[in-house]
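Every number here is computed from the coordinates shown, using simple stated rules; none is lab data. These numbers were taken from a predicted model, which means no experiment stands behind them. Neighbour counts run over all protein chains shown; Cβ positions are idealised from the backbone, glycine included.
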Amino acid sequence: MHGGGMFPIENQLRKIKDTGIPFSVLPSIENLTRMRRELNLSQHALAREAGVSQSLIAKMERGRIHPSYESVKKIYEALIAVHSRRNRNLKAKDICQRKVVSVDPDATVEEASKRMQNGNYSQLPVLSDGKIVGSISEDIIVSLLGRGTRFNTIRKMKVREIMEDAFPQVDENMDIQIIASLLQIRKAVLVVKHGEMIGIITKADLLNPPEKRDIDKENTEEE
């Protein structure tokens, strides 16, 4: 287990090229459908962009088939490419969530889990005295359960016992294309300004531009 610190972006991008996107970090079919609709992209246009058939996308979205890893990967990469082209001038500071919920390494896994549930997060950065030291996610907990570790044992463990590497850190003025590449292999990216963390970006933020968040917020307030 490694500590925090800046992850060389070149190394992260090299991982994408050398190993591709791990299956575990690809979005679900439901999320791919949501991403396509949020981009106002037709199934035909997405199929052309991804190099797959329109019927495959239609059947996938209706739950009639279970697409292969390669097909899902192509579709996800196409969605990211379309989003990046439409938002070439956006920077990390423009799309990050400013309120960063974190957890202490000495907190219990149960505390971390409740914090994720309450905030509807899938992952959290781990901070010790303001220093980024690691990360924890739902996937880590599910993985432990899958290996036969009892839930009562897991929830009593300390976060530091199961946490993974810290999320990559990027400057607030980093281009969105680089962030999109990082999010193909990592669950989140932390945004820093003069060495201080000011925000966090996940796949949801990448595909939910600031202007759409404002509209969604206004609609919610009117209800």
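For Lys131 and Arg155, FRET efficiency with R0 = 41 Å and r from the beta-carbon atoms, rounded to 0.05?
0.95
Quick one: net charge around Ser42, please, counting Lys, Arg +1 and Asp, Glu -1 for every other residue with C-beta under 11 Å from its C-beta.
Value of the local net charge: +2.
Multiplying the sequence separation of Gln117 and Leu39 by 0.36 nm and subtracting their Cα-Cα distance, what value in nm do you get?
Length gained, Gln117 through Leu39: 25.4 nm.
In what order do Ser128, Ser122, Ser28 fall by count of nearby beta-carbon atoms within 10 Å, going from fewest to most?
Ascending number of Cβ neighbours within 10 Å: Ser28, Ser122, Ser128.
At 7 Å along the Cα-to-beta-carbon direction for both Ile198 and Lys99, put a label point, then send me their distance in nm to one decimal.
1.9
Considering only Cα-Cα distances, which of the following residue pairs are longer than 21 Å: Lys93/Lys158; Lys99/Lys187; Lys73/Lys187; Lys91/Lys187?
Lys93/Lys158
For segment 90-209, how big is the tail of P(r) above 26 Å, as a whole percent of Cα pairs?
Value for segment 90-209 (Cα pairs over 26 Å): 20 percent.
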